[in-house]
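The values are calculated or read from the model by the stated rules, or taken from the named source; none is laboratory data. Just so you know, these numbers come straight off a predicted model, no measurement behind them. Counting neighbours? That spans all protein chains shown, and the Cβs are built from the backbone with ideal geometry, glycine included. Protein only, heavy atoms only, side chains kept; ligands, DNA and RNA dropped before computing areas. Shrake-Rupley method; radii C 1.70, N 1.55, O 1.52, S 1.80 Å.
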Amino acid sequence: DLDLELVGLTKRYGDTVAVDGIDHLFHAGRYVCLLGPSGCGKSSTLRMIAGHEAVSDGSILLGGRDVSHLPPARRGTAMMFQNYALFPHLSVRDNVAFSLRMKGVAAPERHARADELLELVDMDGYADRLPAQLSGGQQQRVALARALITKPQVLLLDEPLSALDPFLRIRMRAELKRLQRELGITFLHVTHGQDEALALADEIIVMNEARIEQAGPAREVFDAP
Ligand code: ADP
Ligand code: ADP
């Protein structure tokens, strides 16, 4: 159970300051939603935490250890994207097991682990299909399993539900919440939806113009004047 701490985290793209020295402590195991207008720096923040984007300044601590210069696979974080980004030519099982294959885990073990994760997201029975043979919601569950197979301490979600129809969106919310409770890991979820944040979050962070404008329990943040 490792807390995630951002200290003076900064991202500059040329003259643009996308993230301007943010400080925040994420308690282990919480579900945190990150809200704010387009362009305020949410994705850049997530990508820096995940290691998909270099930090310009400041640091990212996980359990007190500075992970800000480690490669993505060695940070204890995993990221799930809006568009799922499954490999179209790989089976569902091979998609989920992909990161284990990169690490050199032998086929029988990585297949067994992939099947466990598919069961966790209620997708057992689909292991041999191709992504194109699945619905959007099913592809998304596979993407979740693929992110979780690395046993992250922190799961980063960049608008994971925005491509789903309203019915599926509500179902996936419940799934995400269940996974948080079962796994006990930290969820950091970027969303545009206030209702989504209210339904999911233990804590809400509102960013504006590259800074954190507000942070606290959902009700306090939305009731504030
Ligand atoms: P959000 O996720 O809140 O929409 P982003 O983190 O995507 O915000 O973007 C924050 C700011 O940084 C915006 O002004 C955006 O145009 C800029 N930005 C994001 N990514 C890049 C990039 N790769 N190169 C240059 N500017 C970028
Ligand atoms: P978001 O959905 O977070 O708003 P965008 O659609 O702004 O994301 O950005 C999508 C991709 O384009 C990201 O990889 C981001 O880094 C890149 N990007 C965003 N803004 C810029 C920019 N001003 N210049 C170059 N790349 C950018």
Inset, instruction - Among the residues of region 102-115, write down those that are at pLDDT below 95, within 23 Å of the chain's Cα centre (by Cα) and not basic (Lys, Arg). - result: 102
Inset, instruction - Go through (1) more than 9 Å from ligand 1 (Cβ to nearest atom); (2) closer than 22 Å to residue 159 by Cα; (3) touching a strand residue (DSSP E or B) at 6+ places or on another chain (Cβ under 9 Å); (4) not aromatic (Phe, Trp, Tyr) and name the single condition residue 73 misses. - result: (3)
Inset, instruction - Can you work out which of the residues in region 187-217 that are part of a helix (DSSP H, G or I) and of a type in the set (A, V, I, L, M, F, W, C) is most open to solvent (accessible area, probe 1.4 Å)? - result: 198
Inset, instruction - Name, by its number, the condition in (1) surrounded by 14 or more Cβ atoms within 10 Å (Cβ to Cβ); (2) at pLDDT below 90; (3) basic (Lys, Arg) that does not hold for residue 177. - result: (2)
Inset, instruction - Please verify whether region 79-101 includes one or more residues that are under 13 Å from the mean Cα position of the chain (by Cα) and part of a helix (DSSP H, G or I). - result: no
Legend entry - Residue list for region 38-52, restricted to those being part of a loop (DSSP other than H, G, I, E, B), within 7 Å of ligand 2 (Cβ to nearest atom) and buried (at least 20 other Cβ atoms within 10 Å of the Cβ): none
Inset, instruction - State all residues of region 20-75 that are more than 19 Å from residue 203 (Cα to Cα) and hydroxyl-bearing (Ser, Thr, Tyr); if no residue qualifies, say none. - result: 38, 44, 56, 59, 68
Legend entry - Candidates 34, 46, 25, filtered to the one that is of a type outside the set (Val, Ile, Thr), without any contact (Cβ under 8 Å) to a residue 24 or more places away in the chain and more than 7 Å from ligand 1 (Cβ to nearest atom): 25
Inset, instruction - Within region 137-148, identify whether any single residue is more than 30 Å from residue 11 (Cα to Cα), in contact with an Asp or Glu (Cβ under 7 Å, 6 or more places away or on another chain) and among the basic types (Lys, Arg), and answer yes or no. - result: yes
Legend entry - Filter pass, residue 65 being buried (at least 16 other Cβ atoms within 10 Å of the Cβ) and more than 16 Å from ligand 1 (Cβ to nearest atom): no
Legend entry - Top-ranked residue in region 156-188 [being over 18 Å from residue 139 (Cβ atoms) and polar (S, T, N, Q); ranked as nearest to ligand 2 (Cβ to nearest atom)]: 186
Legend entry - Condition check for residue 215: within 17 Å of the chain's Cα centre (by Cα), of a type outside the set (D, E, K, R) and either at pLDDT 95 or above or farther than 21 Å from residue 147 by Cα (or both): no
Legend entry - Where residue 55 falls short, out of the listed (1) over 17 Å from the mean Cα position of the chain (by Cα); (2) open to solvent by 60 Å² or more (accessible area, probe 1.4 Å); (3) within 16 Å of ligand 2 (Cβ to nearest atom): (2)
Inset, instruction - Considering each of 4, 9 in turn, give the residue that is closer than 25 Å to residue 200 by Cβ, surrounded by 16 or more Cβ atoms within 10 Å (Cβ to Cβ) and more than 15 Å from ligand 1 (Cβ to nearest atom). - result: 4
Inset, instruction - Of all residues in region 118-145, count the ones that are at pLDDT 90 or above, outside any loop (DSSP other than H, G, I, E, B) and open to solvent by less than 20 Å² (accessible area, probe 1.4 Å). - result: 7
